[in-house]
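**Student:** Okay, here's the structure, questions in a sec.
Just so you know, all these numbers are worked out from the coordinates, no wet-lab data involved. Since the model is a prediction, treat every value here as computed from it, not as a measurement. All Cβ positions, even for glycine, are placed from backbone atoms using ideal geometry, and neighbour counts span all protein chains on display.
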Amino acid sequence: MDANRTINQSIKTTYYAALINTSVGVVAFILNLSVCFIIITHSTLRQPFNHLILNLSFSDLLVSLAVFFNGILDYFSVQRFMSYELATVICKIDMSCAVISLPGACLTLLVMSIERYHAVAIIQLRSVKLSTVRKTILIIWILVTLSAII
């Protein structure tokens, strides 16, 4: 009797974890998508620092997809009606989103910190050009992709 009770409690806990992961993933996806949409559509927001914010929002968009797929995997693992092939595909998507997006977000935050330091502490320097920020973002994603492959 205690074994069934423990199994039922474990299933309930997994359902709640799946519900929370899926909900957080959907909300984060919608909010990050709205940040991307606002920065892209408003021409006054096309400043170099806002491009870094856009890149960070895009990285967080991928993180929210990873959280969402993790919630789906949790839910369907309890239901036991997902095929092995589908579970493998979702798991690969989940891991690739996490492996690529988390270092991308970290490197973007690093570049944002360096840029803000230069803006505050070293006032004599000129502001960063948009082309420099775009090249930096490209380098970030190349490094992240290479680190995910290796």
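**Student:** Can you find, among Val63, Thr44, Ile93, the residue sitting farthest towards the positive end of the charge dipole of region 11-142, where Lys and Arg contribute +1 and Asp and Glu -1 at Cβ?
**Tutor:** Of Val63, Thr44, Ile93, it is Thr44.
**Student:** Seen from all sides and averaged, what is the projected area of the convex hull of the Cα atoms in the chain, in nm²?
**Tutor:** 12.3 nm²
**Student:** If you don't mind, another one. How large is the dipole of the chain about the Cα centre if only Lys and Arg carry +1 and Asp and Glu carry -1, each at its Cβ, rounded to the nearest 20 debye? Mind showing how you got there, number by number?
**Tutor:** Numbers: 10 positive and 6 negative charges, 99 e Å.
That gives a dipole near 480 debye.
**Student:** Count charges around Cys91 for me, please; just the other residues with Cβ under 14 Å from its Cβ, Lys/Arg as +1, Asp/Glu as -1.
**Tutor:** Charge balance near Cys91 sits at -2.
**Student:** Which listed residue (Val128, Leu73, Leu19) has the Cα farthest towards the positive end of the charge dipole for the chain, taking +1 on Lys and Arg C-beta and -1 on Asp and Glu C-beta about the Cα centre?
**Tutor:** Val128
**Student:** Once you've got the GNM for the chain with C-alpha springs shorter than 10 Å, pick whichever of Thr136, Thr22, Thr44 has the biggest mean-square fluctuation.
**Tutor:** Looking only at Thr136, Thr22, Thr44, the largest GNM fluctuation is found for Thr44.
**Student:** Dividing the convex hull volume of the Cα atoms of region 16-96 by its residue count, what figure in Å³ per residue is obtained?
**Tutor:** 81 Å³
**Student:** Suppose R0 equals 22 Å; then what is the FRET efficiency for Val89 and Thr145 from their Cβ-Cβ distance, rounded to the nearest 0.05? Can you show the working numbers first?
**Tutor:** Details: r = 20 Å, r/R0 = 0.92.
Given R0 = 22 Å and the Cβ-Cβ separation, E is 0.60.
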